[in-house]
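What follows is a single structure, written as structure tokens, with notes after it.
The values are calculated or read from the model by the stated rules, or taken from the named source; none is laboratory data. On a predicted model such as this, the values are computed, not experimentally measured, just so you know. Every residue, glycine as well, gets a Cβ built from its backbone with ideal geometry; the counts of neighbours run over all protein chains shown. Side chains are part of the model used for accessible areas, which takes the heavy atoms of the whole protein and leaves out ligands, DNA and RNA. Shrake-Rupley method; radii C 1.70, N 1.55, O 1.52, S 1.80 Å.
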Amino acid sequence: LNNTEVLLISKDGKQRKNLTQSGYYDSAPKWINEGNQILYFTNRDGLKSYATSGQSELDVYSMFLNQESWDKFNNSKEEYDLLKMIEEEAKSEDKKKKEDKKEEVKVTTLKFDLEDVERRKSRLTIHSSILADAVLSKDGEKLYYLTKFEKGLNLWETEIRTKSTKMLIALDAETASMEWDAKKENLFLLAD
């Protein structure tokens, strides 16, 4: 028997870090939050078949690759709202300054804090289920996921801070996937 794990591999292939180290099936990682976070599926909390011979229920987890993104995620709703107001004010001031200057392309180098990275993870779904796909909104506040409980796949939404969860669209689809547009303003859903 083998379990899949999520690895971070350097571009030259010489350095590897097992991020999940869970002993469960961890799969389908996606970069989110400008590379400061990953989203992945795991069967850690869901029902599993005997001797892993059949289907397992999955959950969506997120891992934070630096302390700053982890701390921001763990803010209360009030702290998060205040931080958001401060960031919007700073962006407004930056916009005024940029109007006077020519815009330069800014490349940000990602810095990972991999010490104890396995402790900076959080379960985003409130129920284990048969998952097909999941994405996070641009601001990181809403999780959209395709899952099924009884019949086919349906589109669900969870508000990250309140854990409020609801089914958005009953699709009853056999297969489905989702993809954001480049600006993360429109979510494209492909079902059957």
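Observations, loosely collected:
- Across the stretch 57-192, the relative contact order, built from alpha-carbon pairs under 8 Å that are at least six residues apart, equals 21 percent.
- Each Lys or Arg adds one and each Asp or Glu subtracts one; over the other residues with Cβ under 15 Å from the Cβ of Phe112, this totals +1.
- Taking the stretch 19-112 and dividing mean pair separation by its residue count, relative contact order in percent (alpha carbons under 8 Å, at least six apart): 20 percent
- Label selected from (i) 34; (ii) 41; (iii) 30, the criterion being percent of Cα pairs over 26 Å apart as computed here: (ii)
- Long-range amide H partners of Asn66 with built H, under 5 Å: Asp113
- Of all accessible heavy-atom area on the chain, the percent that carbon and sulfur account for (1.4 Å): 49 percent
- Residue-count net charge about Leu124 - beta-carbon cut-off 13 Å; Lys, Arg +1, Asp, Glu -1: +2
- The local environment of Ala28, defined by Cβ-Cβ distances under 13 Å, has a net charge of -3 under the rule Lys, Arg +1 and Asp, Glu -1.
- Nearest-ten-degree value, helix 77-100 long axis tilted from longest Cα axis of the chain: 50 degrees
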